[in-house]
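Asks: Before anything else, here's the structure in question.
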Amino acid sequence: MAPRPIADSYGGYRARLVEELRRKGIKDMAVLAAIAETPRHLFVPEALRARAYDDTSLPVGQGQTISQPSTHAQYLVALDLKGRERVLEVGTGTGYQAALLGRLAEVVVSVERLPELAVRARKALEDSGTTNVTVLVGDGTLGWRPLAPYDAILVSASGPRVPSPLTDQLTDNGIMLIPLDRGTTQDLYRITKHGNELTEEKLAATQFVPLIGRHGFQPEAS
Ligand code: SAH
């Protein structure tokens with residue numbers, strides 16, 4: 001179902017952000033429209049709302065950050081969604097990227113390992129009028145088998161390797177975006193599945209928090 005249109009006092013700020021993204025080279029109209037329609041201020045802590053429409057990353061608590069809008073936009077351009085896809089997101093965080101995905105795909109399943117973040121994200125998604133995103137708590141490196149397969153998978157945290165359950169849960173011709181820490185650099189990769197074959201392209205340098213789980217990094221002992 002299409003999300004409800006929003007009426008709030010931040011429309012001018014969103015329009016300015018969209019202009020900035022356009023100047024920075026984002027041309028995909030569907031992606032720009034999704035950003036123009038999604039109330040990012042509902043996804044950041046209240047104290048930071050004044051900066052919600054700056055093109056910067058912001059701390060969101062629990063040691064996590066919300067990426068800068070141009071990073072979200074680059075991800076979404078690289079996924080090239082047509083509107084009918086079933087998408088899995090690993091790492092809900094604030095839920096903002098999930099809300100954007102909800103505007104560009106048919107169904108979004110988003111998995112977050114920290115229950116407190118999942119609760120906040122669900123509330124923000126509801127407040128933003130998003131109705132086609134389900135937030136689940138668990139280890140997203142295992143994917144979410146009951147709702148698989150997925151036409152696209154977006155991993156929003158950086159792992160040491162591509163988790164095999166995620167490639168298993170991709171449809172034929174499905175696309176996955178995942179940042180990987182290999183050696184001393186962290187880069188975004190696009191993985192495409194054709195039958196049993198996976199092709200891999202390196203897209204750009206990235207800076208994401210660690211992907212922690214069975215097929216990711218191990219949690220630090222405290
Ligand atoms: N896309 C998010 C930002 C994600 S930050 C947004 O729009 O706000 C990365 C998130 O990945 C963090 O919330 C972190 O807790 C989560 N994460 C890390 N490892 C995970 C795993 N194995 N499964 C699910 N979530 C994970």
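Asks: Looking at this structure, is ARG182 modelled with pLDDT under 95, under 25 Å from ALA204 (Cα atoms) and either among the charged types (D, E, K, R) or open to solvent by 40 Å² or more (accessible area, probe 1.4 Å) (or both)? Break it down stepwise before answering.
Replies: Numbers: modelled with pLDDT under 95: yes; under 25 Å from ALA204 (Cα atoms): yes; either among the charged types (D, E, K, R) or open to solvent by 40 Å² or more (accessible area, probe 1.4 Å) (or both): yes.
Criteria met by ARG182.
Asks: For the subset of segment 164-178 comprising residues that are within 13 Å of the ligand (Cβ to nearest atom) and not in a helix (DSSP H, G or I), which member is farthest from GLN64 (Cα to Cα)? Full working, then the answer.
Replies: Narrowing segment 164-178 to residues within 13 Å of the ligand (Cβ to nearest atom): 165-166, 177-178.
With not in a helix (DSSP H, G or I) added as a condition, the list becomes 177-178.
Numbers: LEU177: 20, ILE178: 17 Å.
Ranking the qualifying residues of segment 164-178, first place goes to LEU177.
Asks: Being surrounded by 12 or more Cβ atoms within 10 Å (Cβ to Cβ), away from the ligand (no atom under 16 Å from the Cβ) and not in a loop (DSSP other than H, G, I, E, B), is that true of even one residue in segment 151-163?
Replies: The initial filter retains those residues of segment 151-163 that are surrounded by 12 or more Cβ atoms within 10 Å (Cβ to Cβ), namely 151-163.
Checking the rest, the ones that are also away from the ligand (no atom under 16 Å from the Cβ) come to 151.
Restricting the remaining residues to those that are not in a loop (DSSP other than H, G, I, E, B) gives 151.
Yes, segment 151-163 has at least one match.
Asks: What's the number of the only condition in (1) out of contact with any strand residue (DSSP E or B) (no Cβ under 9 Å at 6 or more places or on another chain); (2) part of a helix (DSSP H, G or I); (3) at pLDDT below 95 that ILE6 fails to meet?
Replies: (2)
Asks: Also, I was wondering about something else. Can you go through GLY138, GLY174, GLY143 and tell me which one is open to solvent by less than 10 Å² (accessible area, probe 1.4 Å) and either under 25 Å from ARG40 (Cβ atoms) or free of Cβ contacts under 8 Å to residues at least 40 places away in the same chain (or both)?
Replies: Working: GLY138 fails: open to solvent by less than 10 Å² (accessible area, probe 1.4 Å); GLY143 fails: either under 25 Å from ARG40 (Cβ atoms) or free of Cβ contacts under 8 Å to residues at least 40 places away in the same chain (or both).
It is GLY174.
Asks: Sticking with this structure for a sec: Being near the ligand (Cβ under 7 Å from one of its atoms), at pLDDT 95 or above and open to solvent by 10 Å² or more (accessible area, probe 1.4 Å) is the filter here; which residues of segment 63-92 pass it?
Replies: Matches in segment 63-92: GLY91 only.
Asks: Could you check segment 12-26 and list, in sequence order, the residues that are basic (Lys, Arg) and outside any helix (DSSP H, G or I)? Give the steps one after another, and end with the answer.
Replies: As a first pass, look at segment 12-26 and keep what is basic (Lys, Arg): 14, 16, 22-24.
The answer is LYS24, and nothing else.
Asks: Residue by residue through segment 179-204, note down the ones that are of a type outside the set (D, E, K, R), in a strand (DSSP E or B) and over 20 Å from LEU76 (Cα atoms). Let's see the steps before the verdict.
Replies: Looking only at segment 179-204, we keep the residues that are of a type outside the set (D, E, K, R), and these are 179-180, 183-186, 188-189, 191-192, 194-196, 198-199, 203-204.
Remaining after also requiring in a strand (DSSP E or B): 179-180, 185-186, 188-189, 191-192, 194, 198-199, 203-204.
Listed by number, the residues that qualify are THR185, HIS194, LEU198.
Asks: Being open to solvent by less than 10 Å² (accessible area, probe 1.4 Å), within 10 Å of the ligand (Cβ to nearest atom) and touching a helix residue (DSSP H, G or I) at 6+ places or on another chain (Cβ under 7 Å) is the filter here; which residues of segment 98-120 pass it?
Replies: ALA98, ALA99, LEU100, SER110, VAL111
The values are calculated or read from the model by the stated rules, or taken from the named source; none is laboratory data. The structure presented is a predicted model; accordingly, all values stated were derived computationally and were not measured. Heads up, the Cβs are rebuilt from the backbone with ideal geometry, glycines too, and the neighbour counts pull from every protein chain shown. Quick note on the areas: whole protein, heavy atoms, side chains included, nothing else; ligands and nucleic acids left out. Shrake-Rupley method; radii C 1.70, N 1.55, O 1.52, S 1.80 Å.
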